[in-house]
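Visitor: Handing you a structure now.
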Amino acid sequence: MTIAIERPLLLVGAGKMGGALLAGWLGKGLAPAMVQLRDPQPGEDVARLIAERGIALNTSIRDLARLTPGVVLLAVKPQLMEAVLPELQMLVAPETLFLSIAAGTSLQRLKELLGADVHAVRAMPNTPAAIGRGITVACANPLVTAAQKAMAGNLLAAVGDVDWVESEPLIDAVTAISGSGPAYVFYLVECLAASGEALGLEPELAMRLARATVSGSGEMLAQFADEAATLRKNVTSPGGTTAAALDVLMGEGGLSVLMRRATHAARDRARELGS
């Protein structure tokens, strides 16, 4: 898939996720001349891209308004939206789609900060976007046209899979599962490595085993059509070592219960951020 757009794209925020998206777009053939970037202090990787590809940085809002961007992608931290969005109001136009990836910032809040006429999509990607293996779920407000929705989908697909939901509250659930989910997996690696040390392994070996086990298992999930439960059962011999461990993980108060509590806490926090 090659990304080609007719109007300039404005990326607001050049942190980890904004940088991952920018790299993904350029990797899919988006012309650097079609990109405008606003960030008072871009991250090191993005600053390198700016210098290497000649991307325009911090053009005035008045000049940007004259360009009429086709997309304004909001990749700033949720707590900065209140300060950043009001100055972007003059960019609101029927031809301009505002695509937000800020956790907890609702479509209603975008409307309040940008105006009733804003064409807006709220999306939740995740950090594997940095290697093109992300997954994003998005929701559009009623003003978004079919062409704008397709354009948003193409931009998000540059860094992984894309799904859409009609009900915006589901985005908070998505945040709890896939948005925050990579952190749960990384913590699993930490815990598995620490358990290896407790069993007598050298720290370096324990971490190497934990990382390879989780990344290899993830690749099996990506490549095999089998359900996760089937892959689990394939590893588990009756009465064996894996079964002994799963008796603990799947027992009363085990991993299923903890994961449900954790994801509910994340979902509730996303709702608080949007209130």
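Visitor: Looking at GLY18, is it in contact with a Gly (Cβ under 8 Å, 6 or more places away or on another chain), surrounded by 14 or more Cβ atoms within 10 Å (Cβ to Cβ) and either of a type outside the set (Ser, Thr, Tyr) or assigned to a loop (DSSP other than H, G, I, E, B) (or both)?
Guide: Criteria not met by GLY18.
Visitor: Given the residues ALA65, ALA129, ALA93, ALA103, which is the only one that is at pLDDT 90 or above, closer than 17 Å to GLY13 by Cβ and touching a helix residue (DSSP H, G or I) at 6+ places or on another chain (Cβ under 9 Å)? Give the derivation first.
Guide: On the way: ALA65 fails: closer than 17 Å to GLY13 by Cβ; ALA93 fails: closer than 17 Å to GLY13 by Cβ; ALA103 fails: at pLDDT 90 or above.
None of the other options fit; the residue is ALA129.
Visitor: When you check ALA51 against the structure, is it more than 24 Å from the chain's Cα centre (by Cα), of a type in the set (A, V, I, L, M, F, W, C), over 30 Å from LEU170 (Cα atoms) and in the same structural domain as GLY160 (by TED's automatic domain parsing), yes or no?
Guide: When the stated conditions are applied, ALA51 passes them.
Visitor: Could you list, in sequence order, the residues of region 81-112 that are surrounded by fewer than 18 Cβ atoms within 10 Å (Cβ to Cβ), touching a residue at least 24 places away in the same chain (Cβ under 8 Å) and over 19 Å from LYS149 (Cβ atoms)?
Guide: GLU82, VAL84, PRO86, GLU87, GLN89, MET90 - these are the residues of region 81-112 that are surrounded by fewer than 18 Cβ atoms within 10 Å (Cβ to Cβ), touching a residue at least 24 places away in the same chain (Cβ under 8 Å) and over 19 Å from LYS149 (Cβ atoms).
Visitor: At least 2 residues that are under 24 Å from the mean Cα position of the chain (by Cα) and either surrounded by 13 or more Cβ atoms within 10 Å (Cβ to Cβ) or assigned by TED's automatic domain parsing to the domain that holds LEU188 (or both) in each: list the helices (runs of 4 or more DSSP H) lying fully within region 206-275 that qualify.
Guide: Once the helices (runs of 4 or more DSSP H) in region 206-275 are filtered for at least 2 residues that are under 24 Å from the mean Cα position of the chain (by Cα) and either surrounded by 13 or more Cβ atoms within 10 Å (Cβ to Cβ) or assigned by TED's automatic domain parsing to the domain that holds LEU188 (or both), what remains is 255-274.
Visitor: Restricted to region 174-199, and to residues that are touching a residue at least 40 places away in the same chain (Cβ under 8 Å) and among the aliphatic types (A, V, I, L, M), which residue is surrounded by the most Cβ atoms within 10 Å (Cβ to Cβ)?
Guide: Once the filter is applied, the top-ranked residue is VAL174.
Visitor: Filter region 183-201 down to the residues that are acidic (Asp, Glu) and touching a Pro at 6+ places or on another chain (Cβ under 8 Å) and list them by number.
Guide: GLU197
Visitor: Still on this structure, I have one more. Show the residue pairs meeting these rules: Cβ distance below 7 Å; 6+ apart or different chains; first residue within region 5-30 and in contact (Cβ under 8 Å) with a residue 60 or more places away in the chain; second residue part of a strand (DSSP E or B) and charged (D, E, K, R).
Guide: Within 7 Å, the pairs are LEU10/ARG38; VAL12/ARG38.
Visitor: Let me ask something additional. Mind checking which residues of region 232-274 are under 20 Å from ILE177 (Cα atoms) and among the β-branched types (Val, Ile, Thr)?
Guide: Hits for region 232-274 are VAL257, THR263.
Visitor: Just the residues that are surrounded by fewer than 20 Cβ atoms within 10 Å (Cβ to Cβ) and under 19 Å from the mean Cα position of the chain (by Cα), please, taken from region 24-39.
Guide: Matches in region 24-39: LEU26, GLY27, LYS28.
The values are calculated or read from the model by the stated rules, or taken from the named source; none is laboratory data. Since we're looking at a predicted model, the values are computed, not measured. In this analysis, Cβ positions are derived from the backbone assuming ideal geometry, glycine residues included, and neighbour counts consider all displayed protein chains.
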